[in-house]
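A.B. asks: Below: one structure in structure tokens.
Every number here is computed from the coordinates shown, using simple stated rules; none is lab data. Predicted, not measured: the structure shown is a model, and the values here were computed from it. Cβ placement follows ideal geometry from the backbone for every residue including glycine, while neighbour counts extend to all protein chains displayed.
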Amino acid sequence: MCIMRKGTLTRRGFLKGTAMGAASLALAACAAPTAAPASAEDTAAEMAPVDIDVWTGWTEGAADKIEQILDGYNQSQTSVRAHHVVVAGGMTQKLLAGIAANEGPTTAVVFGAAVAYQLAANEALLALDELGDPDQVQTLRDWMHPAIWDLGTYQGSFFYASMWNQSMGTFVNLDMAEAAGVDPDSPPETLEELVDAWEQLTTYDDDGNIDVLGGDFNWNAMIMGRFHGQFVADETTVTANHPNNVKALEWNTAVWERFGVDKMQTYQASLQGAGGRSRGLAPFLAGLRATETTGPWRFNSMRDYANEDFRFTVWPFPKPAGYDTRGMYTYGDGWIVPVTAPEPEAAWEIISVMTGATGDRDTYTSLFITWLCVNNPVSEGMKDHPLFRDEVIGACPGFTDIFMDDLYNSDYYLYPPKVPTSSSYNSLLGAEWQKAYLGEKSPQEALDFVQEEAQKELDLWLDQSS
């Protein structure tokens, strides 16, 4: 039986709402574009759409979704015809190689602002706030949430236009919560209370190993955001061992110590491989985790893979005890324009529409229907757009109260490190962060090592570039 409550949904009810959204989107996409007049050859040529290539790194099913979204964009207007080009891995290197050969796309969607920072540092991108005319730029800036505009800036110019942005919430299996005596209608108010709930929700087998994990969370940047952490003080100074970063890693390490590092590793290993207990599903959907702290993209996989009677709710991902203000981390997936773009004005047009700043906002809404609730729009103003309100917010319980609230109403925003060595810095931090929560190093030792090595690499890059 489908049981509903505020913030609660079963997959069956979930599917009804998303099917209606898909139908609405299909009808909208069927609207024929205005035909260009063909009274003379020069007029026809003038009215012909500009063809552009759009590079993205999505593959397989995700690439299919991007194809659908771009097809909808092409049908929504007659000025630009976008062609999707899949770049499977190595986007930064392939863009730089294309630029060196005076080739490459008109625009690309890259995974995270860090890629844009690196390319901008290599003078490989056009500044978007110089590409558009002043009125266009102001329209986009007024539309975007200020933190998302700030995310797109590097050394004072705007290079990166997010098309959506991440935030966090904690999905909760209602059956497991009720069985464990955890009140799903009273979400934890601090990270420490969340860990208490995780412990209460965890069950063990006869050998004392974790059978169902109540929850954990190891995403270093997201945790750092909650603790008001910091990657850099400025474009020349790394702050990997900032005191708030140490606090964040100490919290993560304490979670693993509380459950037992060996037991956590045994549990993680039991999920892996073809014979793993998760059977290829996300452990939360397979019933092997009672909660999952993740982004709103989980709604899409729940629609596709969860059992019809799967009951869930969503809690906020809370701030640490002792913090009066809320911090968060976001990085976006967004648009850039290489310096060799053959049609930069056309790039501006698609960027403006596919951020919702101009054009038919049903087209922008298609991102969040085709890829259900995948992330948050770049403007809180989308909450008032009818199609978005009905087919996105209406299909994903907690989308506004949890995920959009986290993005738009936080007090402190952490972005990827705005330095040219951002990717390698992040890789090193991830490796050392894991060593700490696995008990191989103390949090301070791990972050001191990252501090030293990341600063050396940045200094070397700056010396060589000068």
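A.B. asks: For the chain, take the longest principal axis of its alpha carbons; what is the angle in degrees between that and the long axis of helix 11-29, to the nearest 10 within 0 to 90?
C.D. replies: It works out to around 10 degrees.
A.B. asks: Can I ask one more? Please turn the phi angles of segment 374-390 into ³J(HN,Hα) values with the Karplus equation 6.51 cos²θ - 1.76 cosθ + 1.60 (θ = phi - 60°), one per residue in order, whole Hz, x for glycine and proline.
C.D. replies: 4, 7, 9, x, 6, 9, 5, x, 5, 4, 8, 7, x, 5, 5, 4, 7
A.B. asks: Taking θ = phi - 60°, what integer Hz values does the Karplus form 6.51 cos²θ - 1.76 cosθ + 1.60 yield along segment 335-345, in sequence order, with x for Gly and Pro?
C.D. replies: With the stated coefficients, segment 335-345 comes to 8, 9, 10, x, 5, 9, 3, x, 9, x, 5 Hz.
A.B. asks: Taking Cα atoms of segment 388-466, Rg/Rh with Kirkwood Rh, to two decimals? Display every interim value, and only then the final one.
C.D. replies: Working: Rg = 18.9 Å, Rh = 15.8 Å.
In segment 388-466, Rg relative to Rh is 1.20.
A.B. asks: Cut-off is 10 Å between beta-carbons; in what order do 348, 143 appear when sorted fewest neighbours first? Show your work: numbers first, answer last.
C.D. replies: Values: 348 26, 143 20.
Ranking 348, 143 by Cβ neighbours within 10 Å, fewest first, gives 143, 348.
A.B. asks: Report, in degrees rounded to the nearest 10, the 0 to 90 angle that the Cα long axis of helix 191-201 makes with the longest principal axis of the chain.
C.D. replies: Its long axis makes an angle of about 60 degrees.
A.B. asks: Within 9 Å, Cβ to Cβ, of residue 195, how many net charges do the neighbouring residues add up to if Lys/Arg are +1 and Asp/Glu are -1? Display every interim value, and only then the final one.
C.D. replies: On the way: positive: 258; negative: 192, 193, 196, 199, 216.
Net charge in that neighbourhood comes out at -4.
A.B. asks: Expressed in nm², what is the orientationally averaged projection area of the convex hull enclosing the Cα positions of segment 114-247?
C.D. replies: 12.2
A.B. asks: Pop the C-beta distance of residue 305 and residue 139 into the FRET formula with R0 = 35 Å and round what comes out to the nearest 0.05.
C.D. replies: 0.35
A.B. asks: Taking every eigenvalue of the Cα gyration tensor of segment 316-466, multiplying by 5 and rooting it, what semi-axes result, largest first, whole Å? Can you show the working numbers first?
C.D. replies: Details: eigenvalues 246, 129, 30 Å².
Each semi-axis is √(5λ); the values are 35, 25, 12 Å.
A.B. asks: Another one. Quick one: which residues, 5 or more positions from residue 163 or on another chain, have an amide H under 5 Å from its amide H? H modelled 1.01 Å from N in the peptide plane, none for Pro or chain starts.
C.D. replies: Sorted by chain and number, the residues that satisfy this are 333, 334, 335.
A.B. asks: Here's a follow-up. Measuring from the lowest to the highest alpha carbon on each principal axis, how far does segment 50-180 reach, largest first, in angstroms?
C.D. replies: Computed over segment 50-180, the largest-to-smallest principal extents equal 62, 33, 32 Å.
A.B. asks: Please work out the FRET efficiency for the pair residue 103 and residue 207, using the Cβ-Cβ distance as r and a Förster radius of 41 Å; give the result to the nearest 0.05.
C.D. replies: 0.10
A.B. asks: Continuing with the same structure: How tilted is helix 60-76 with respect to the longest principal axis of the chain? Cα atoms for both, answer in degrees (0 to 90, nearest 10).
C.D. replies: 40
A.B. asks: What is the ratio of the Cα radius of gyration of segment 125-204 to 2.2 N^0.38 Å, with N the residue count, to two decimals?
C.D. replies: 1.85
A.B. asks: Taking the Cβ of residue 59 as the centre, find all other residues whose Cβ is under 15 Å away and add up their charges (Lys, Arg: +1; Asp, Glu: -1).
C.D. replies: On the way: positive: 65, 94; negative: 60, 64, 67, 333.
Value of the local net charge: -2.
A.B. asks: Report Rg (one decimal) and Dmax (nearest whole number) for segment 55-98, counting Cα atoms only, units Å.
C.D. replies: 12.0, 33
A.B. asks: Mind listing the long-range amide H neighbours of residue 108? Cut-off is under 5 Å, sequence gap 5 or more, other chains count too, H placed in the peptide plane at 1.01 Å from N.
C.D. replies: Residues meeting the amide H criterion: 55, 336.
A.B. asks: Let me ask something else. Would you kindly state how much longer the chain becomes between residue 424 and residue 155 on full extension, computed as 0.36 nm times their sequence separation minus their alpha carbon distance, in nm to one decimal?
C.D. replies: Between residue 424 and residue 155, full extension yields 94.9 nm more.
A.B. asks: Ok, one more. Would you mind ranking 281, 249 so that the residue whose beta carbon has the fewest other beta carbons within 10 Å leads the list?
C.D. replies: Listed from fewest to most nearby Cβ atoms, that is 281, 249.
A.B. asks: Still on this structure, I have one more. Near the amide H of residue 80, under 5 Å away, which other amide H atoms are found, from residues 5 or more places off or on another chain, if H is placed in the peptide plane?
C.D. replies: HN-HN under 5 Å from residue 80: 50.
A.B. asks: Also, I was wondering about something else. Using Cβ contacts closer than 10 Å as the measure, can you line up 92, 294 from fewest to most?
C.D. replies: 92, 294
A.B. asks: Now for a different question. Let me check I have the definition right: for the chain, take the eigenvalues of the Cα gyration tensor, multiply each by 5, take square roots. What are those semi-axes in whole Å, largest first?
C.D. replies: One finds semi-axes of 38, 30, 19 Å for the chain.
A.B. asks: Run the numbers for residue 345 and residue 199: contour at 0.36 nm per residue of separation, minus the present Cα-Cα distance, in nm.
C.D. replies: My answer for the length gained is 47.1 nm.
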